[in-house]
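Remarks on the structure that follows.
The values are calculated or read from the model by the stated rules, or taken from the named source; none is laboratory data. For clarity, every value in this text was computed on a predicted model and none was experimentally measured. Here the Cβ is made from the backbone with ideal geometry for all residues, glycine too, and neighbour counts use every protein chain on show. The protein model used for the area step is the full one, side chains on, heavy atoms only, and it has no ligands, DNA or RNA in it. Shrake-Rupley method; radii C 1.70, N 1.55, O 1.52, S 1.80 Å.
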Amino acid sequence: MTSMVLHFAPQTCARVTLVALEETGAPFATRLVRFMAGDHRSPAFLACNPAGKVPVLEIGGQSLTQNSAILPYLARTFPAARLLPFTGDALADAQVQARLAWFAADLHPLVTRIRMPQFFCDLDGAPARVRELAMQAMAFQLRSVEQDLGQQPWLAGEEWSILDAYLSWVWFRIAGAGFDTAAYPNLGAHHERADARPAALRALAREAEAQAELERAGQTVPLN
Ligand SMILES: N[C@@H](CCC(=O)N[C@@H](CS)C(=O)NCC(=O)O)C(=O)O
């Protein structure tokens, strides 16, 4: 079997790939990227991903980046894990890709503005406003999902998919940054369900180990 190595950091969107790998049951190794030590700007890491971001999945020595590419790769390579509801129908499969793109291109940038608004405008008082506007935009994006999850347990319907892990990561990031979670009870319950899956628990345990390692070295990313 082709070897797989995930470059990741705890609490980041690499969690989604980590959960996907755990769901496949395939063997893989992990490499902790220590942002506070500048690992993501090292020549070795930039050779894997010139964008300097996690996740990077090395597959037989080749780097694959972007959750929206990695997750379909894993879904197609390990069909028994049923990571994504691909059917082979071009339009249905494009709808699945659209969902992935919604997470990567619409929701994730809002998460970043909510968590790290100072990277978008550092003028006096501006970060608070950046965060506020991003919270409003996030609330708008999540309203239809909240409605859907009142009718069905998982994003794609009756069956779990890795889209649920993506949503759970978004929820984790915004809930920890003061987002008004009380207005989204179905999303809150979904988060509990998604994170209680055995593969998610294994992924969270790996993250906890990595976080402890960062704490021992005084290299945790400061909370905003
Ligand atoms: N579009 C990328 C986003 C990757 C990304 O933004 N990763 C963040 C962590 S959540 C990162 O590595 N940030 C470090 C940096 O930008 O310096 C994906 O979905 O994989």
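Of the residues examined, residue 45 is one that is more than 9 Å from the ligand (Cβ to nearest atom) and farther than 23 Å from residue 196 by Cα.
Comparison of 82, 15 shows that the only residue that is within 17 Å of the chain's Cα centre (by Cα) and either in contact (Cβ under 8 Å) with a residue 40 or more places away in the chain or outside the structural domain of residue 111 (by TED's automatic domain parsing) (or both) is 15. Taking helices (runs of 4 or more DSSP H) as the structural unit, those lying wholly within the range 1-78 and holding at least 3 residues that are buried (at least 16 other Cβ atoms within 10 Å of the Cβ) correspond to 14-24, 67-77. Among residues of the range 111-124 that are within 17 Å of residue 176 (Cα to Cα) and not assigned by TED's automatic domain parsing to the domain that holds residue 11, those with a Cβ under 6 angstrom from a residue that is open to solvent by 50 Å² or more (accessible area, probe 1.4 Å) and modelled with pLDDT under 95, sequence gap 6+ or separate chain, pair up as 115/224; 116/224. Of the residues examined, residue 88 is not one that is modelled with pLDDT under 95, open to solvent by 40 Å² or more (accessible area, probe 1.4 Å) and at positive phi.
For the range 153-224, the helices (runs of 4 or more DSSP H) that sit wholly inside it and include 2 or more residues that are buried (at least 17 other Cβ atoms within 10 Å of the Cβ) and more than 15 Å from the chain's Cα centre (by Cα) are 185-195, 198-216.
Considering the conditions (1) touching a His at 6+ places or on another chain (Cβ under 8 Å); (2) on the phi > 0 side of the Ramachandran plot, residue 154 is excluded by exactly one of them, (2). Filtered by the rule that a residue be open to solvent by 20 Å² or more (accessible area, probe 1.4 Å), within 12 Å of the ligand (Cβ to nearest atom) and of a type in the set (A, V, I, L, M, F, W, C), the range 91-109 gives 101, 102, 104, 105. With respect to the conditions (1) in a loop (DSSP other than H, G, I, E, B); (2) within 23 Å of residue 218 (Cα to Cα); (3) more than 11 Å from the ligand (Cβ to nearest atom), residue 83 falls short on a single one, namely (2).
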